[in-house]
1. Look through B:Val47, B:Val63 and report the one residue that is of a type in the set (Val, Ile, Thr), touching a strand residue (DSSP E or B) at 6+ places or on another chain (Cβ under 9 Å) and surrounded by 15 or more Cβ atoms within 10 Å (Cβ to Cβ).
2. Given the stretch A:1-119, what helices (runs of 4 or more DSSP H) lie entirely inside it while holding 1 or more residues that are at the interface with another protein chain (Cβ under 9 Å from one of its Cβ atoms)?
3. Counting only residues that are assigned to a helix (DSSP H, G or I) and over 20 Å from A:Glu280 (Cβ atoms), how many does the stretch A:188-230 have?
4. Would you confirm whether any residue within the stretch A:247-261 is among the acidic types (Asp, Glu) and either within 14 Å of chain B (Cβ to nearest Cβ) or without any contact (Cβ under 8 Å) to a residue 12 or more places away in the chain (or both)?
5. Identify the single condition in (1) away from chain A (no Cβ under 14 Å); (2) loosely packed, with under 15 Cβ neighbours inside 10 Å that B:Gly73 does not satisfy, given that it satisfies every other one.
6. Do you know which of the residues in the stretch B:187-201 that are closer than 8 Å to B:Arg117 by Cα and among the β-branched types (Val, Ile, Thr) is nearest to the other protein chains (Cβ to nearest Cβ)?
7. When only residues in the stretch B:210-230 that are more than 8 Å from chain A (Cβ to nearest Cβ) and at pLDDT below 80 count, which is farthest from A:Leu62 (Cα to Cα)?
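The values are calculated or read from the model by the stated rules, or taken from the named source; none is laboratory data. Here the structure is a predicted model, which is why all the values come from computation and not from measurement. Neighbour counts run over all protein chains shown; Cβ positions are idealised from the backbone, glycine included.
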Amino acid sequence: MSETHEATTAGVRSARFRAEREAGWKVLEQLVEQVEKHGIRSLGFRQASDLATHYRQAANSLSVAREISLDRSLLAYLEALTARAYLAVYAPPENLGGLGRRFLTVGAPAAVRSSAGWILLGFLAMALGGVTGYALFFENVAWFDVIVGQASDDIRGPSATREELLSIIYSEDVNVIDQLGAFASFLFSNNVRVAIFAFALGAFLCLPTFLLVFYNGMMLGAFMALHVDRGIGLDLFGWLSIHGVTELSAICLSAGAGFRLGGAILFPGRRTRRDALYEESRDAVKVALVAALMLVAAALLEGFGRQLITSLEARVIIGWSVGALWIVWFASGRRRR
Amino acid sequence: MTARAPETGVRKKRTWPWRRKPRSSKPEEIVPPEGVPVRFTVAGLGVRTAAQIIDILLTLVFVAAFMAILALGFEAPGSLLVSLGALFWLGIRAPYYIITELLWNGETLGKRMMKIRVVSADGRSLTPHGVIVRNLMKEAEVFAPGITLLVLQDMSGFWQIVVLLWIASAMAVPLLNRRRQRLGDLMGGTYVVHLPEAVLLPDLAASPAPTAERHVFQPHQLNHYGAFELQTLEAFLHNADTPPTEPVASIRQRETRAAIVDNIRKKIDYPDAVPPHEHDAFLRAFYVAQRAHLEQRQLFGERRIDKHHAAGADRQVAEDGP
């Protein structure tokens, strides 16, 4: 009986192959499971060196088994085991320490500087829209409703009087819940959505981003024109300054990031479009994150600052000095290697 | 033979992306320094959508808890509640995906449940950049279109078309590339794979069948089948290791087994009758013998894909011949 046993097993070479190596695979399986559950740092020195050795042996086994074995369950097992071990050995989670600091001190300012041209394009689109809206309002007041649209609860329209407009600009409420509401409604207001879309839709060939920012600029221009018409342009300027400098810049920044993505697809140069998109997205995303940061700051300024600080001078000074701070941040920071 | 032959040979036939043969069944290969290609199966859109839905439900649970606390603890008014809830969802959405994928190396809770994982396209570690990009773009590719879709009927016809075009182009990107990468994946240099599950079944050839000395096969009897038939038999035998509990299923299994035995005996001209109680032993003995034979042939450089290998060899001879 034992002789026949020998004979059969000896006949199937791949079965012998498996019997000789199976113990090593099992060890590797356990090590990989431990790495997947507790991270590669949970391994001791011996275990780590075992992982490397057994991984190489399993890869070797796989290579041989692909040639000599017809046992499908064995092949599937080795494929899966090697793939998992590969991920454990070559693709461990990156060390995340210092990620935030590196982003704030080096990555973000450098990304903004390198995207300066695209961001300028964003500002240009908004300015163009602003001028258009402003001019259209003075050509015919009816344009205001077309551009801004008629929100039912907003009294600010072509029919509003000077006093009504002023009362909005200098309204004071100190209710905390209201301020929280203002903070929330800010983040949901038109502008944040515009910023998100301006970035994300940039990848769809730039055009949606341009239209969005242009249209947003038009609304702003029409608003400005309405207030200038009533002789309170400066007051609106102060009202907008305190958060608007930050907020509108954020929109233009995210539009710039969007343009950069769209530009990579439209004008990839010598690279393939896939490569261009991959490379340009590195900085574009950083700029978008900066824009997000600015939007949160703007929300704080609007939700709390605007209702608490009602003097025109203070509003202008705070708004523009915050703007200057952003510039200082972008200009600072070491150059990237 | 004629002048036209080289022309048709050189001319490249144009294939449209949707006419090409589906290549997703072919796994992605990464060649590590060891030189043995490691294969991953790209996760399809279905399983990824399922993981996405699980994740959305999970984050919505958090939002609901947040709103419940606000409503009960602070007695916040309804309109504020809704806007704060929506804000909270916006605020935790992208960070949830980014943080889980960074900490768990490419897995969110939904992906864990569906056993899929984000990996880097270059085969190295996932970078924070890649994770952040793919999840920020998720806003533009998944959430924004989805939310817009909910309010689609309030829009004018023109905008409805724009939104549908937008959704169509966002969906088209993953369908048009081999790795099913959406725009965010392309930008971040990532793609999603099935996490392979390593289950080692017992080797059918390791323990000899109890009737091995009675069921002996001659080499000419083993020349009929190829690897495909062998592996199909292997799958059947592995299934038979766990006999079904239902009597109906067990009867069906016995019938299948009898049919297989009959077919094999007819095909290979096996002279002796096999009584029903020896069917399983016969199949196992045949499996061992056939595998040994085919692996032997393979070592000598002759891979037999399936039972048509003989016909294929004949055709090869006919083509190479004069």
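1. On the way: B:Val63 fails: touching a strand residue (DSSP E or B) at 6+ places or on another chain (Cβ under 9 Å).
Just a single option satisfies the conditions, and that option is B:Val47.
2. The qualifying helices (runs of 4 or more DSSP H) are A:2-11, A:13-38, A:45-68, A:72-90, A:99-102.
3. Here is the first cut: in the stretch A:188-230, the ones assigned to a helix (DSSP H, G or I) are A:188, A:190-203, A:207-229.
Of the ones still in play, those that are also over 20 Å from A:Glu280 (Cβ atoms) are A:188, A:190-194, A:211, A:214-229.
Of the residues in that region, 23 qualify.
4. The first filter runs over the stretch A:247-261 and keeps only residues among the acidic types (Asp, Glu), leaving A:247.
Right, trim to either within 14 Å of chain B (Cβ to nearest Cβ) or without any contact (Cβ under 8 Å) to a residue 12 or more places away in the chain (or both) and you get none.
No, there is no match, as no residue in the stretch A:247-261 is among the acidic types (Asp, Glu) and either within 14 Å of chain B (Cβ to nearest Cβ) or without any contact (Cβ under 8 Å) to a residue 12 or more places away in the chain (or both).
5. Just one mismatch for B:Gly73, condition (1).
6. Only one residue tops the list, namely B:Val193.
7. Out of the qualifying residues, it is B:Arg214.
A quick yes/no check of all residues on (1) facing another protein chain (nearest Cβ under 10 Å); (2) within 20 Å of B:Arg134 (Cβ to Cβ); (3) small (Gly, Ala, Ser):
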position	(1), (2), (3)
A:Ala264	yes, yes, yes
A:Arg270	no, no, no
A:Asp275	yes, yes, no
A:Lys286	yes, yes, no
A:Leu289	yes, yes, no
A:Leu300	no, no, no
A:Phe304	no, no, no
